[in-house]
Each structure stands twice: as C-alpha cells, then as structure tokens.
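The values are calculated or read from the model by the stated rules, or taken from the named source; none is laboratory data. Because the structure is a prediction, the values reported are computed rather than measured. Ideal geometry is used to build each Cβ from the backbone, glycine not excepted, and the neighbour counts take in all protein chains shown.
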Amino acid sequence: MNKPVLLALACSALAGSAFAQTSSVTLFGVADVAVRQVKNGNAGTVKGVTSGGNTTSRLGVRGVEELGGGLSAGFHLESGIDLDTGTSNASKYWNRRSTISLMGDFGEVRLGRDTTPTYNNTLNDEFGIVGVGSRGIFVYGSGANLGSGATTIQRTDNGVSYFLPKNLGGVYGQFHVAAGEGTVGNKYYGGRIGYEDKSFLVGGAYGTTDVGANLSKFKNYNLLFNYKSPWGVLHTLVDVKKWGERKSTEISVGATIPVTVGQIRVGYTNANRSGGAVGSGFADGDDSTRLALGYVYDFSKRTALYGTVARVTNKGAARSSVLYTTPAGMLGGQNSSGAEVGVRHSF
C-alpha cells in the first residue's frame, strides 16, 4: 500500500476519533410496573396492573455535539409509555419532551415541547411526583387547572426556554415562554429561580396562562423548600393556583428517610379550595387531604422494589382521587384509597 493511501486512512481514522470524542447519542428509559388496588367511593374498587408507580415509564434518545469555542448543540426526545399494555400513554408520541438546545458559558437556550418552570419547581417530591402516594394528585391531577382550560400545568408546546449557567455557585433558574399558535390554553410565560447546596434546596416559580378572550388568566405560583441531612430529606411545597375567583392552596410536607437498604417515604398534603360555586368542587369547604406511606428497596442503582399505601380524604363536593383522574362514579365528598407494589428498572 502506497504512502498517500496510508496517509488518507490515517487522517480518516483521526477524524473519526475526533468526531467520537465530541459527539454522543444515548438511548435511555425507565421500565416501571406495579400491581395496584384502588377504591373510589361509589365508583368501587379496581384491581389491576399499572405503569409508573415509582417513576414514569419512558423511552428516550438524547445527544450532544461540541461545536467548538465552548458551544454545544443537543437534542432530547422522550416518550411516556404504558408498560402494562405496551402503548404510548398520550396522543403525542414525544409527549414528555421534544427539544433542541444551544449550550455554552451563557447557559442554555432550548426550543420545543418541554416542562414549565412552575411544574419543575414541584418535582422534588418524596414520592417522585407519581404513584398513589404522590402530591402530584393535586399538582397536576383532575381539576388542577381549576376548570380554566389551561393545558400548561406540566408542559407546553411551542416553547422557548432560557436556563442560567450551571456554574453560579448553586443558583439556578429558568425563564419560559410558549406561543399559543391558535391553541387555547397553551400561551404561557413564567420563570423559576432557586438555590441548592448540600443542605438546602429552595426555589420559587410563577407562571400565567392565557385561556381565551374575556377570561381571567390562569395563574400558578409555588415555593419549594427541602432540607437535606444524614437522617433524610424534609420535602415541603406551597403551591397556589388561581383562575378568576377560584383558588386552590396546597401545602405539602413529606420526608424521605434512608434505611439500611432503601428508603421509607411519608407524605401529607392539604388542598384548600375557595371561590367557586356551591357543588363545583372549588367552593369554600371543598377541601382534600393526602396521607401516604411507602418503602423503596434498592436492589442496585438501577433496579428497585417499592410499595405504597395512600388515602385521600375529601370534603364538600371535592372529588380528588389517588388515580389522578377522578372516575365518573365517584361522588363529591367521597374518599379515595390505594395500595401498590411494583418494580422499577432504569437504563
């Protein structure tokens, strides 16, 4: 083989090596399935297999490329799946996230479908924001938008976010806007700012959503405070939602307590509603409370066995359920309870 050919092959190999060092694509996901029993007042008892009792089951692909000069480009595609049926759990395939980003010393600019700052500020739940025991029942369950039609409780389409750089000594932040593009309830703007170190996590967020002409805007603001210590983590959240005269104030307190292998989890939420018409579920006295206890046994860093029991007590016309979506047969003021045992594996 002559020298020019050898030189060409060497250059090609070096170029391929350099490319491999500056670009990466990762396939990732979570497989989570539980056996569950739930009772919702007159709607009766349901027993079955469900997906995502500890962590939402998902499949995703993400990648990043270094562009030079400290600048990088990245993408993130992520779809929620129902592992018990093998189907997507939403009409949008990349329903959890579909974004492209530019990142550098200035921070990150991200475009596409993504979570909102107000939702991101609720995610440090002792139950991981899912399952029958989570405060997610109130954060994004039935009636969380107070009947306003806002679709921005968790995510928006058509979003543009800016994230602060990660080298600010524990300070973090996100600012987000989303265009309605003719879809009522998606036009959103909001932000989040916070601080985290070895002992504390504190953050505040505010967001507002346009829900149509001549209607009051849906507003959501919250304050998160977690205290981390050798005995465990104290989780607290105050989450307020307003639409016209309707208002819901949710105060949550919980703890994650490490044991020899795994964690004990306990959580409580009080949801105080007001301003709605009598019988609407949003009137004075239409309140709910959550009480939950769980345990996670860690087989490894990626695989765990978990169990949770929970009860939601409703007053007045309130119909909150541990199923997040209230079944049709459940009447106002009836209680909801559930228990689940499942396995989670991440990859």
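What are the pairs with Cβ atoms under 9 angstrom where one residue, in segment 72-100, is under 20 Å from Tyr162 (Cα atoms) and the other, located anywhere, is outside any strand (DSSP E or B) and of a type in the set (Val, Ile, Thr)? Sequence gap at least six, or different chains.
As it stands, the answer is Ser72/Thr22; Arg96/Thr56, since those pairs meet every condition given.
For segment 54-80, which residues satisfy the criterion of being in contact with a Leu (Cβ under 6 Å, 6 or more places away or on another chain) and under 24 Å from Gly338 (Cα atoms)?
Ser57
Given (1) crowded, with 19+ Cβ neighbours inside 10 Å; (2) within 30 Å of Val253 (Cβ to Cβ), identify the lone condition not met by His76.
The single condition His76 does not satisfy is (2).
How many residues does segment 172-186 contain that are within 30 Å of Asp197 (Cβ to Cβ), surrounded by fewer than 17 Cβ atoms within 10 Å (Cβ to Cβ) and polar (S, T, N, Q)?
Residues that pass the stated criteria total 0.
Which pairs do you get when a residue that is closer than 16 Å to Ala205 by Cα, found in segment 144-169, comes within reach of a residue that is surrounded by 19 or more Cβ atoms within 10 Å (Cβ to Cβ) and among the basic types (Lys, Arg), reach meaning Cβ atoms under 8 angstrom, with the pair 6+ apart or on two chains?
Listed pairs, sorted by first residue: Arg155/Arg96; Arg155/Arg97; Arg155/Arg113; Thr156/Arg113; Ser161/Arg110; Tyr162/Arg110; Phe163/Arg110.
Can you find a residue in segment 135-158 that is among the hydroxyl-bearing types (Ser, Thr, Tyr), in a strand (DSSP E or B) and at pLDDT 95 or above? Talk me through it step by step, then tell me what you get.
Looking only at segment 135-158, we keep the residues that are among the hydroxyl-bearing types (Ser, Thr, Tyr), and these are 140, 142, 148, 151-152, 156.
After this cut, where a residue has to be in a strand (DSSP E or B) as well, the list is 156.
When the remaining residues are screened for being at pLDDT 95 or above, the result is 156.
Yes; the residues of segment 135-158 include at least one that is among the hydroxyl-bearing types (Ser, Thr, Tyr), in a strand (DSSP E or B) and at pLDDT 95 or above.
Please go through segment 218-248 and pick out each residue that is touching a residue at least 24 places away in the same chain (Cβ under 8 Å) and more than 27 Å from Lys198 (Cα to Cα).
Phe218, Lys219, Asn220, Lys241, Lys242, Trp243, Gly244, Glu245, Arg246, Lys247, Ser248
Tell me which residues, restricted to segment 137-151, are within 12 Å of the chain's Cα centre (by Cα) and either surrounded by 24 or more Cβ atoms within 10 Å (Cβ to Cβ) or more than 24 Å from Glu340 (Cβ to Cβ) (or both).
Once the filter is applied, which keeps residues that are within 12 Å of the chain's Cα centre (by Cα) and either surrounded by 24 or more Cβ atoms within 10 Å (Cβ to Cβ) or more than 24 Å from Glu340 (Cβ to Cβ) (or both), segment 137-151 yields Ile137, Val139.
Test Gly207 against the criterion of being out of contact with any Asp or Glu (no Cβ under 9 Å at 6 or more places or on another chain), crowded, with 19+ Cβ neighbours inside 10 Å, among the small types (Gly, Ala, Ser) and farther than 30 Å from Val33 by Cα, and give yes or no.
Numbers: out of contact with any Asp or Glu (no Cβ under 9 Å at 6 or more places or on another chain): yes; crowded, with 19+ Cβ neighbours inside 10 Å: yes; among the small types (Gly, Ala, Ser): yes; farther than 30 Å from Val33 by Cα: yes.
Yes: the conditions hold for Gly207.
(1) under 22 Å from Glu250 (Cα atoms); (2) surrounded by 15 or more Cβ atoms within 10 Å (Cβ to Cβ): which one isn't true of Phe200, the others all being true?
Tallying (1) under 22 Å from Glu250 (Cα atoms); (2) surrounded by 15 or more Cβ atoms within 10 Å (Cβ to Cβ), Phe200 fails exactly one: (2).
Can you name the residue in segment 322-347 that is aliphatic (A, V, I, L, M) and touching a strand residue (DSSP E or B) at 6+ places or on another chain (Cβ under 9 Å) and is also surrounded by the most Cβ atoms within 10 Å (Cβ to Cβ) among such residues?
To start, the set of residues in segment 322-347 that are aliphatic (A, V, I, L, M) comprises 322-323, 328, 330-331, 339, 341, 343.
Now drop any that are not touching a strand residue (DSSP E or B) at 6+ places or on another chain (Cβ under 9 Å), which leaves 322-323, 330, 339, 341, 343.
Numbers: Val322: 27, Leu323: 21, Met330: 22, Ala339: 19, Val341: 15, Val343: 17.
Ranking the candidates gives Val322 first.
Cβ-Cβ distance below 6 Å, separation of 6 or more or different chains: which pairs start in segment 325-347 with a residue that is under 14 Å from Val38 (Cβ atoms) and end on one that is of a type in the set (D, E, K, R) and in a loop (DSSP other than H, G, I, E, B)?
Thr326/Arg319; Met330/Arg319
In contact with a Gly (Cβ under 7 Å, 6 or more places away or on another chain) and either surrounded by fewer than 17 Cβ atoms within 10 Å (Cβ to Cβ) or assigned to a strand (DSSP E or B) (or both): does that describe Ala213? Quick ask: steps written out before the conclusion?
Working: in contact with a Gly (Cβ under 7 Å, 6 or more places away or on another chain): no; either surrounded by fewer than 17 Cβ atoms within 10 Å (Cβ to Cβ) or assigned to a strand (DSSP E or B) (or both): yes.
No, not satisfied.
Only one residue in Gly185, Gly194, Gly207 is in a loop (DSSP other than H, G, I, E, B), at pLDDT 95 or above and under 22 Å from the mean Cα position of the chain (by Cα). Which one? Before you say what the answer is, go through the steps one by one.
Values: Gly194 fails: in a loop (DSSP other than H, G, I, E, B); Gly207 fails: in a loop (DSSP other than H, G, I, E, B).
On inspection, the qualifying residue turns out to be Gly185.
Tally the residues that are more than 18 Å from the chain's Cα centre (by Cα) and buried (at least 17 other Cβ atoms within 10 Å of the Cβ), restricting the search to segment 220-233.
Taking segment 220-233 as the starting set, the residues that turn out to be more than 18 Å from the chain's Cα centre (by Cα) are 227-233.
Going one step further and asking which of them are buried (at least 17 other Cβ atoms within 10 Å of the Cβ), we end up with 232-233.
Number of matching residues: 2.
Filter segment 99-113 for residues that are of a type in the set (Val, Ile, Thr) and in contact with a Ser or Thr (Cβ under 7 Å, 6 or more places away or on another chain) and give the result. Full working, then the answer.
Pass one, segment 99-113, residues of a type in the set (Val, Ile, Thr): 99-100, 109.
The one that is of a type in the set (Val, Ile, Thr) and in contact with a Ser or Thr (Cβ under 7 Å, 6 or more places away or on another chain): Val109.
When you look at Leu215, is it touching a residue at least 40 places away in the same chain (Cβ under 8 Å), among the aliphatic types (A, V, I, L, M), at negative phi and in contact with a Leu (Cβ under 9 Å, 6 or more places away or on another chain), yes or no?
Working: touching a residue at least 40 places away in the same chain (Cβ under 8 Å): yes; among the aliphatic types (A, V, I, L, M): yes; at negative phi: yes; in contact with a Leu (Cβ under 9 Å, 6 or more places away or on another chain): no.
It is false that Leu215 is touching a residue at least 40 places away in the same chain (Cβ under 8 Å), among the aliphatic types (A, V, I, L, M), at negative phi and in contact with a Leu (Cβ under 9 Å, 6 or more places away or on another chain).
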